[in-house]
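In what follows, a structure is listed as structure tokens, so that the remarks can point back to it.
Just so it is clear, none of the values below were taken in a lab; they were calculated from the coordinates. All values derive from a computational prediction rather than experimental measurement. For neighbour counting, all protein chains shown are included, and Cβ atoms are generated from backbone atoms with ideal geometry for every residue, glycine included.
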Amino acid sequence: MARVAFIGLGNMGGGMAANLAKHGHDVRAFDLSAAALDKAQAAGCLPVAGAAEAVAGAEAIVTMLPAGAHVESVYADAVFGHAEPSAILIDCSTIDVATARRVAEAAAAKGLAAVDAPVSGGIGAANAGTLTFMVGGPEDAFERARPFLADMGKAVIHAGASGAGQAAKMANNMLLGATMIATCEAFRLAERLGLDAQTFYDISSVSSGQSWSMTSYCPLPGVGPETPADHDYQGGFAAALMLKDLRLAMQAAEGAGATTPLGAHATALYEAFVAAGNGGTDFSGIIRTL
Ligand code: NAD
């Protein structure tokens, strides 16, 4: 078992660090929040007073931070000056592709191996250890990160070179945002045309309109499997986080010269939904605006 630094013990990182500890790793945990540190300690991690202290002597350094600026500053202030030359740097935060590539280049310039490894799956999957990791970085860095990621997830997939993990995450979540809105529209149209929602679900879920948004995350209460719709759109994937991912996708698309009209429209609709005070509502709650 290894010594692991874990920085960023929020909604996601708290459960992930706990799973590393459960697998027998010596987890040195740091967060700016004292409450998060207490929770990590109760879950079997050793709380430390600063990121540099967590990093020193660690074989793997995992970060789960809000955005690119946080990752860049933690890497510059604590990771680069204190990491063992043999350490593997694993950033699981969802950040923009350009920052992910910049951070990987800075690590490589210091002789450190690094991967971007954003996740699919929410807080439930982080707690249960069933996340999917999409990983960008050189093959040997991927192989070194893989066992640590496997202790926190059900699938670990090498997406390609540095930044490819974030690219996969952006493209996937843009697709998710667009299919969720399209699924909501289809239910509303079917209702207006006199179809019972359950009947439309039974037909569409085995027809060509089927998608994950329909069959695994149905936006209507009482139809399909249990989802946040059955809990008044609470406790799932917050619309504010979907909007964050859509904005990152639009930024990446612009930088790459990709044409994404549906992604842009989905972004505008989630911008309006969040601006109307629904940032904490599950993203499938957008059906209420249709
Ligand atoms: P969060 O805000 O709950 O947690 C972030 C944590 O980072 C906080 O506890 C904060 O105190 C800490 N932090 C910030 N700056 C720090 C610093 N300099 N040093 C140490 N700690 C610092 O966010 P979250 O929901 O856990 O999300 C983390 C990342 O995972 C984000 O990039 C998010 O987009 C991504 N993500 C979230 C979900 C989800 O459902 N919540 C799902 C997939 C991916």
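Here are a few things to note about the model shown:
- In degrees, nearest ten, helix 261-273 long axis to first principal axis of the chain (Cα): 90
- The angle separating the long axis of helix 97-109 from the principal Cα axis of greatest extent in the chain is about 10 degrees.
- Exposure proxy ranking for Tyr75, Tyr233, based on other Cβ atoms within 10 angstrom of each Cβ and starting from the fewest, stands as Tyr233, Tyr75.
- Whether segment 1-54 is rounded, prolate or oblate, judged on the alpha carbon gyration tensor where a/c under 1.5 counts as rounded: oblate
- Over the chain: Kirkwood hydrodynamic radius from C-alpha pairwise inverse distances, Å: 19.8
- Most simply put, the chain has about 15% antiparallel DSSP beta bridges, counting only bridges with both residues inside it.
- Full extension of the chain between Ala34 and Ala108 gives 23.4 nm of extra length, using 0.36 nm per residue less the Cα-Cα distance.
- Contact order relative to length of segment 24-171, as percent, for alpha carbon pairs under 8 angstrom and 6 or more apart: 18
- As a rough guide to protection, the peptides 22-33, 166-177, 245-256 ranked by mean Cβ packing within 10 Å, highest first, stand as 166-177, 22-33, 245-256.
- FRET efficiency for Leu195 and Glu226, using Cβ-Cβ distance with R0 set to 35 Å, rounded to 0.05: 0.95
- For segment 1-136: Kirkwood Rh in Å [reciprocal of mean 1/r, alpha carbons]: 14.4
- Extension gain for Ala69-Ile123 works out to 17.2 nm (0.36 nm per residue, less the C-alpha to C-alpha distance).
- Mean residue ellipticity, 222 nm, helices only, the chain: the sum of -39500 (n - 2.57) across DSSP H runs of n ≥ 4, divided by residue count and rounded to 500, is -14000 deg cm²/dmol.
- Principal-axis tilt of helix 164-192 within the chain, Cα atoms, nearest 10 degrees: 20
- Formal net charge of residues neighbouring Met250 (Cβ-Cβ distance under 13 Å; K, R +1; D, E -1): -2
- Over all pairs of different C-alpha atoms, segment 60-206 has a mean inverse distance whose reciprocal, the Kirkwood radius, equals 16.8 Å.
- Segment 151-290: C-alpha gyration tensor shape, a/c 1.5 cut-off, then a/b vs b/c: prolate
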